[in-house]
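This report refers to the structure that appears directly beneath it.
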Amino acid sequence: MTLSVHDPRGYPPKVTGKRLAPRLQSLDGKVLYLVDCLFDNSEAFMNQLLDWFGEHLPSVNARIIKPRQSWVDDPDMRKRVEADGQAAILGVGL
């Protein structure tokens with residue numbers, strides 16, 4: 001009896017590392033987008049984070065933004081964040 005076994009992992013893609021964005025010296029007076037990635041509980045987390053910034057760092061203009069749908073690139077959202085914001089936090093849920 002001959003048995004064929006297939007590796008379910010397939011072939012990993014080639015990954016090229018990228019440098020992180022330069023760190024801002026301060027968030028004071030900056031627009032910070034809180035990106036709700038539409039995962040489970042991410043909306044609740046983003047709202048809590050928005051409240052935290054309002055209480056602890058009121059000089060930061062924190063705004064929640066959402067893509068049109070989860071797992072799909074939203075070029076319009078990215079353009080808005082790039083045009084209006086100086087920083088972003090991605091919320092991926094719990």
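The values are calculated or read from the model by the stated rules, or taken from the named source; none is laboratory data. Given the structure is predicted, the values throughout are model-derived calculations rather than measurements. Note that we place each Cβ from the backbone using ideal geometry, even for glycine, and neighbour counts take in every protein chain shown. What goes into the accessible areas is simple: the full protein's heavy atoms, side chains included, and nothing from ligands, DNA or RNA. Shrake-Rupley method; radii C 1.70, N 1.55, O 1.52, S 1.80 Å.
Against the numbered list (1) in a helix (DSSP H, G or I); (2) closer than 22 Å to residue 73 by Cβ; (3) open to solvent by less than 50 Å² (accessible area, probe 1.4 Å), residue 34 comes up short only at (1).
Take residue 41 and tell me if it is on the phi > 0 side of the Ramachandran plot and out of contact with any helix residue (DSSP H, G or I) (no Cβ under 7 Å at 6 or more places or on another chain). Considered against the rule, which asks whether it is on the phi > 0 side of the Ramachandran plot and out of contact with any helix residue (DSSP H, G or I) (no Cβ under 7 Å at 6 or more places or on another chain), residue 41 comes out as yes.
Every residue, every condition in (1) under 14 Å from the mean Cα position of the chain (by Cα); (2) of a type in the set (D, E, K, R), yes or no:
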site: 3; (1), (2): no, no
site: 8; (1), (2): no, no
site: 11; (1), (2): no, no
site: 14; (1), (2): no, yes
site: 19; (1), (2): no, yes
site: 23; (1), (2): no, yes
site: 33; (1), (2): yes, no
site: 39; (1), (2): yes, no
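Taking (1) surrounded by 11 or more Cβ atoms within 10 Å (Cβ to Cβ); (2) without any contact (Cβ under 8 Å) to a residue 24 or more places away in the chain; (3) on the phi > 0 side of the Ramachandran plot in turn, residue 10 satisfies each apart from (1).
The set of residues in region 58-90 that are of a type in the set (A, V, I, L, M), open to solvent by 60 Å² or more (accessible area, probe 1.4 Å) and part of a loop (DSSP other than H, G, I, E, B) contains only 72.
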